[in-house]
Amino acid sequence: MALIQCNFYSDTLGLSTSMHVILPQQTHNQIGMENVSGQGLHPTLYLLHGLSDDDSIWLRRTSIERYVADLGIAVVMPQVHRSFYTDMVEGGSYWTFISEELPALARSFFPLSHKREDNFVAGLSMGGYGAFKLALRKPDQYAAAASLSGALDMTAHLDNMKSSPLWRAEMERIFGPKIAGSENDLLQLLKDNQASSGPRPLLYQCCGTEDFLYDQNQSFREACAQTDLQLTYEEEPGEHEWGYWDQKIQSVLKWLPLRERK
């Protein structure tokens, strides 16, 4: 595998930012590794970070590079700060960045496939929210999406944080005073996808039963059950921590609908 730290300028954000990228590399005598790379443009997993992290965190807290070595896929890990992958009311246009500018730039820098069936997105916590928002708002671009311990019911999340004025103020700077029924409400996006005649992404959701976001994950699961979207759901004992996510990202990679490549 090749690991690249890419620093670049974003016209959308009006600032310099970064992403880490893992690219497949065919090797034959690397000790302890079996690296695979197909011909042509690479299938791509966009892997999103959580609220307190950055584009390096998946590499620092898991063995993601080793886990994808024999799959022949690229992994793009972007930096979005504390934006919730949203065009902020007071701040940067991070939804436009992550949904439009980033994929275009990544494909201009690296040999990545633009085909829907080759593009996937996953993330943890805030990144789980971002992954499902990308797949549900851009179902023509992503074949599958995975949320690990995602913040999936932001309306309930805000209601639960009424006792924290600073947190509430931060969320309102991002989303404004109301999320319910908006394009930032995943439960509304489920309804919109149900009403659409277009393609629908496969969804994977997991959450530990001791996670503080467990109730939100149950709300999303129940809402998704009212649609005909295909959701794979897994839960087991676990908290909001990296030991759990390191384990479950391996489950995500096994679940991805990767095409056989020559």
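Out of (1) under 25 Å from residue 222 (Cα atoms); (2) free of Cβ contacts under 8 Å to residues at least 40 places away in the same chain, the odd one out for residue 70 is which?
Failed condition: (1).
When residue 193 is evaluated against the numbered criteria (1) among the polar types (S, T, N, Q); (2) surrounded by fewer than 18 Cβ atoms within 10 Å (Cβ to Cβ); (3) at pLDDT below 95, which criterion, by number, is the only one it fails?
For residue 193, the failing item is (2).
I'd like to know if the range 153-170 contains one or more residues that are touching a Gly at 6+ places or on another chain (Cβ under 9 Å) and either of a type in the set (D, E, K, R) or modelled with pLDDT of 95 or more (or both).
No.
In the range 232-262, how many are in a helix (DSSP H, G or I) and touching a residue at least 24 places away in the same chain (Cβ under 8 Å)?
Start the filter on the range 232-262 by keeping residues that are in a helix (DSSP H, G or I), which leaves 242-255.
Now restrict to residues that are touching a residue at least 24 places away in the same chain (Cβ under 8 Å): 242, 244-246, 248-253, 255.
Selection size over the range 232-262: 11.
I'm trying to understand the selection: among the residues of the range 201-219, which are over 17 Å from residue 255 (Cβ atoms), of a type outside the set (S, T, N, Q) and outside any strand (DSSP E or B)? Step through it out loud before you land on a result.
To start, the set of residues in the range 201-219 that are over 17 Å from residue 255 (Cβ atoms) comprises 208-216, 218-219.
If we keep only those that are of a type outside the set (S, T, N, Q) as well, we get 208, 210-215.
Across the range 201-219, the qualifying residues are 210, 211, 212, 213, 214, 215.
The values are calculated or read from the model by the stated rules, or taken from the named source; none is laboratory data. Note that this is a predicted model, so its numbers are computed, not measured. Cβ sites come from the backbone with ideal geometry, for glycine too, and all protein chains shown count toward neighbours.
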